[in-house]
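Shown next, in structure tokens, is the structure this report addresses.
The values are calculated or read from the model by the stated rules, or taken from the named source; none is laboratory data. Since we're looking at a predicted model, the values are computed, not measured. Don't worry about glycine lacking a Cβ; one is built from the backbone with ideal geometry, like all the others, and counts go over all protein chains shown. For accessibility, only protein heavy atoms count, side chains too; no ligands or nucleic acids. Shrake-Rupley method; radii C 1.70, N 1.55, O 1.52, S 1.80 Å.
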Amino acid sequence: MATSQHYFSKPDAVEQVKNRLFKQLAYYCCALHSFLIFFFWYCDVHFLALVNIGSVLLWMLGTYYLHHQKSHIALRLFCLEVTLHSVLVCATLGMAYGFQYYLWTIASLILLDYRLKLKLASMLALGLVVTFATLFEMFNNVPNTFVFSQWAPYIHFINVLICGLPSIYTIGHIREITFSHRYQLATLAAKDPLTNLFNRRYAKELINNAQEDCLATSRQMCVIMADIDHFKAVNDKFGHDAGDEVLIDVALRLSRYVLNSDIAVRWGGEEFLLVLINCDLEQAQARAENIRRDIAMHDFYGETLKVTMSFGIAQWHPALPFSVAVQLADDALYASKAKGRNCTTATAPSQTTNLG
């Protein structure tokens, strides 16, 4: 299933893995039915040998559709083949050999057809389960002269394994790639793709949670607004690739100074926000100074570029809206810019208290 409708869109990671697993399943079933052609022919059950020739052809046709990224068509062909094959074998040999259990396998796999609405897919799966139950009523006492009838319990056991293992293997792998894909999507929703810091939207949720925690535990919280000095000049002189590299490197160095409970955010452009938990104004200023000195001493872009940052700090008061604390930190940042940049300015504690 493509994530967009562009001409060059390709199936997403889950769909690609599903397609690959279905190909493996198709090769497995082609080999199995090829064996059964000779097995039933040897046992003089020529009708079932011919049925397995048709089964091989259907699985090969399904493989063709899989190679053309049409797994939904392939899956429906597989469903048709397994249903017909199970019914015909049970009608010919009876229920003692376990061929009916293949219906359970395809009943679970049909739910992986994402082109079908869940309600329809569920109804089809239920139909296969009902077919399974009906087979016992119709063919439980079928007389036959099968040459290996004395081996029925063993053939039954083998069929249970043969139909169970592919289902476990396929669904297990799709489960793993689905979880992995879900984690990647969650990361994309939470992180800025360039700097790997939290993005502004997700950070607001974290900050709200942090505020509630600080209120409950009486812990202090400080806000640091940081901005790369003369960043436009970096882009103009060295190009946007260099600018991106600087942003990545700055974010990496900022991350070294935040604790697990702190929140580091790419606030926008070359501006960053740090929310320090259990930290007073004096401690926040000391930490900001450490970051500022580290940035100023570091050589960026292959040691050909010097970059500095300016910082503004404010302490959040429980009665103060967080947006006001951010504005105070932003005002302090502009004060740092006015002083000549590459410095740190903290909002006076009395200012936040008075606003609260």
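Just a few scattered comments:
- Percent of Cα-Cα distances greater than 16 Å, calculated over region 266-356: 56 percent
- Tail beyond 35 Å, pair distance distribution of the chain (Cα, percent): 51 percent
- Normalised Debye scattering of region 198-347 at q = 0.09, 0.16 Å⁻¹ gives log10 I(q)/I(0) of -0.27, -0.81, counting only Cα atoms as equal scatterers and leaving out solvent.
- Cα-only radius of gyration and Dmax that characterise region 198-238, units Å: 16.2, 49
- Apolar share of the accessible surface for region 11-112: 73 percent from carbon plus sulfur atoms, 1.4 Å probe.
- Global size of region 28-132: 14.1, 43 Å for Rg and Dmax (C-alpha atoms, Rg to one decimal, Dmax whole).
- The accessible area of His230, taken with all protein chains in place and a 1.4 Å probe, comes to roughly 120 Å².
- Probe 1.4 Å, accessible area per residue of region 47-114, Å²: 38 Å²
- Given charges at Cβ of Lys, Arg, Asp, Glu: the chain dipole, positive-most of Tyr27, Ala335, Ala346: Tyr27
- Accessible surface of region 198-347 [probe 1.4 Å, protein heavy atoms]: carbon and sulfur percent: 49 percent
- When only the Cβ of Lys, Arg, Asp and Glu is charged (+1, +1, -1, -1), the dipole of the chain relative to its Cα centre reaches about 600 debye.
- Per-residue HN-Hα couplings for region 210-219 [Karplus 6.51, -1.76, 1.60; θ = phi - 60°; Hz; x = Gly/Pro]: 5, 4, 4, 5, 5, 5, 6, 10, 6, 8
- The alpha-carbon atoms of region 225-280 define a convex hull whose volume equals 72 cubic angstrom per residue.
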